[in-house]
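K.L.:
Sharing a structure below in structure tokens format, with a few things to ask.
The values are calculated or read from the model by the stated rules, or taken from the named source; none is laboratory data. Note that the structure is predicted; figures quoted are calculated from it, not measured. Heads up, the Cβs are rebuilt from the backbone with ideal geometry, glycines too, and the neighbour counts pull from every protein chain shown. Calculation scope for accessible area: heavy atoms of the full protein, side chains included, ligands and nucleic acids excluded. Shrake-Rupley method; radii C 1.70, N 1.55, O 1.52, S 1.80 Å.
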Amino acid sequence: MTGFIPVLTFHSIDDGRAPTSFGPALFARGMETLALGGYRTISLSEAASLAAAKRPFPEKSFVITFDDGYKNVYEKAFPVLAHHSFTATVFLTTGGGERTDDSCRLPALFGGEMLSWGEIRIMNDAGIDFGAHTLTHPDLTRLSHEDAEREIASSREVIERALGGPVTTFAYPYGKFDSGSLEIAAREFVCACSDELGLFTASSDLHVIPRVDAFYLRGERLFGLVGSPKLPLYLLLRGIPRTLRRRLAGV
């Protein structure tokens, strides 16, 4: 048993050069390496329950999350996850949810094609969890409290209506939050993910869960750090310039 667990964050599984892109081939090889090494996934909600109870995480376990809800998560990532019996949490930017029949897709985001509700239901039936990621992916720190509450709570309601079950997890768009959006997330969800670079521990705030952005794992050797004792040091070293850049930018 261990006192920390990596929560990996992916966005789009494609071969593009955007910071949010992660190559399908590297994703498949990385998951295979972890599986062959005896690593298994636990769900984000299970990890949060263990942390809340101050219980250690299982040895050789990790959490997989996907932000936004791109179609290629179904096409490229889901078959790999199913092959290894891995689970994941997909955070959906839902739009207004006026229609959630199988053929309807989530609203396009940053030019990418998004999941259809039919694809979401197939993954949900196979054990993939779904969390909320707001209606329109705004910077919550720039919204009024009323608008932030609508974005956060209504996205949960859309998913619950569509899938017929509770939604207990949330991810802040861009990883950004303030005291108001944090308060709303804490009221609406069991846990919420930030973009703080680090490992999830029992002492982590359940509504500011740190994650390991896949941007920092783009490469065979770098992805191999997920199953290495060097991972905490690597994240610490990568986090220093990241924090300095954000402070200089006033973020």
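K.L.:
Can you give me the solvent accessible area of Val190 with a 1.4 Å probe, rounded to the nearest 10 Å²?
P.N.:
Answer for Val190: close to 80 Å² accessible.
K.L.:
Leaving out ligands and nucleic acids, note down the accessible area per residue over segment 50-102 with a 1.4 angstrom probe, in whole Å².
P.N.:
Working: 2170 Å² over 53 residues.
Here the per-residue accessible area is 41 Å².
K.L.:
Considering the dipole of the chain built from charges on the beta carbon (Lys and Arg +1, Asp and Glu -1) around the Cα centre, which of Ala126, Thr169, Ile42 is farthest to its positive end?
P.N.:
Highest projection toward the positive end goes to Ile42.
K.L.:
Would you work out if the chain is rounded, prolate or oblate? Take a ≥ b ≥ c from the square roots of the eigenvalues of the alpha-carbon gyration tensor; rounded if a/c is under 1.5, else prolate when a/b is larger than b/c, oblate otherwise.
P.N.:
Numbers: a/c = 1.39, a/b = 1.16, b/c = 1.20.
In terms of gyration-tensor shape, rounded.
K.L.:
What's the extension gain from Cys104 to Ala186 if we count 0.36 nm per residue and subtract their Cα-Cα distance?
P.N.:
Answer, rounded to one decimal: 26.5 nm.
K.L.:
Further question on the same structure: For Cα pairs less than 8 Å apart in space and 6+ apart in sequence, what is the mean separation divided by the residue count of segment 2-59, i.e. the relative contact order in percent? Kindly include the intermediate steps, with their values, before the conclusion.
P.N.:
On the way: 39 pairs, mean separation 19.9, N = 58.
RCO, segment 2-59: 34 percent.
K.L.:
With +1 on the Cβ of every Lys and Arg and -1 on the Cβ of every Asp and Glu, and nothing else charged, how large is the dipole of the chain about its Cα centre, in debye rounded to the nearest 20? Can you show the working numbers first?
P.N.:
On the way: 26 positive and 30 negative charges, 213 e Å.
Roughly 1020 debye for the chain.
K.L.:
In the chain, with Lys and Arg counted as +1 and Asp and Glu as -1 at Cβ, which of these residues, Ala28, Ser116, Phe86, has the Cα nearest the positive end of the dipole, that is, farthest along it?
P.N.:
The listed residue farthest towards the positive side: Ala28.
K.L.:
Taking only protein heavy atoms into account and a 1.4 Å probe, give the accessible area per residue of segment 176-251 in Å². Don't skip to the answer; put the middle values down first.
P.N.:
On the way: 3990 Å² over 76 residues.
On a per-residue basis, 53 Å².
K.L.:
Got a number for carbon plus sulfur as a percent of the chain's accessible area, 1.4 Å probe? Walk me through the numbers on the way to the answer.
P.N.:
On the way: 6180 of 11390 Å².
Result for the chain: 54 percent of the exposed heavy-atom area is carbon or sulfur.
K.L.:
State which helices in the chain qualify, where a helix is a whole DSSP H run, it must extend 20 Å or more along its own axis by its Cα atoms, and its mean Kyte-Doolittle hydropathy must be at least -1.0.
P.N.:
Values: long enough: 145-163 (27 Å, -0.89); 231-249 (27 Å, 0.25).
Long hydrophobic helices here: 145-163, 231-249.
K.L.:
Using 7 Å Cα-to-Cβ label points, what is the Glu59/Asp15 separation (nm, one decimal)?
P.N.:
Rounded to a tenth, the inter-label distance reads 4.0 nm.
K.L.:
Which lysines does Lys176 reach when only Cα atoms under 29 Å apart count, and residues fewer than 8 places away in its own chain are ignored?
P.N.:
Lys54, Lys71, Lys76, Lys230
K.L.:
Let me ask something else. Which value, to two decimals, describes the C-alpha radius of gyration of segment 104-251 once divided by 2.2 N^0.38 Å? Please list the in-between numbers first.
P.N.:
Details: Rg = 16.8 Å, N = 148, 2.2 N^0.38 = 14.7 Å.
Scaled against compact globular proteins, the figure is 1.14.
K.L.:
Enter the Cα centre distance for the pair segment 115-187 and segment 1-79, rounded to the nearest angstrom.
P.N.:
Using only Cα atoms, the two centres lie 19 Å from each other.
K.L.:
Provide the solvent-accessible area of Ile128, counting protein heavy atoms only and rolling a 1.4 Å probe, rounded to the nearest 10 Å².
P.N.:
Here the accessible area works out near 10 Å².
K.L.:
By its C-alpha gyration tensor, with a ≥ b ≥ c as the square roots of the eigenvalues, how is segment 1-43 shaped: rounded for a/c under 1.5, else prolate for a/b larger than b/c, else oblate? The partial results should precede the final answer.
P.N.:
Numbers: a/c = 3.44, a/b = 1.67, b/c = 2.06.
Judged from the Cα gyration tensor, segment 1-43 comes out oblate (a/c at least 1.5, b/c at or above a/b).
K.L.:
Calculate, in nm to one decimal, what Arg242 and Asp125 gain on full extension: separation in residues at 0.36 nm each, minus their alpha carbon distance.
P.N.:
Values: separation 117, 0.36 × 117 = 42.12 nm, distance 3.80 nm.
Taking Arg242 through Asp125 to full extension adds about 38.3 nm, to one decimal.
K.L.:
If you stretched the chain out fully between Ser228 and Thr2, how much longer would it get, using 0.36 nm times the residue separation minus the C-alpha to C-alpha distance? Walk me through the numbers on the way to the answer.
P.N.:
On the way: separation 226, 0.36 × 226 = 81.36 nm, distance 1.33 nm.
The Ser228-Thr2 span can extend by a further 80.0 nm.
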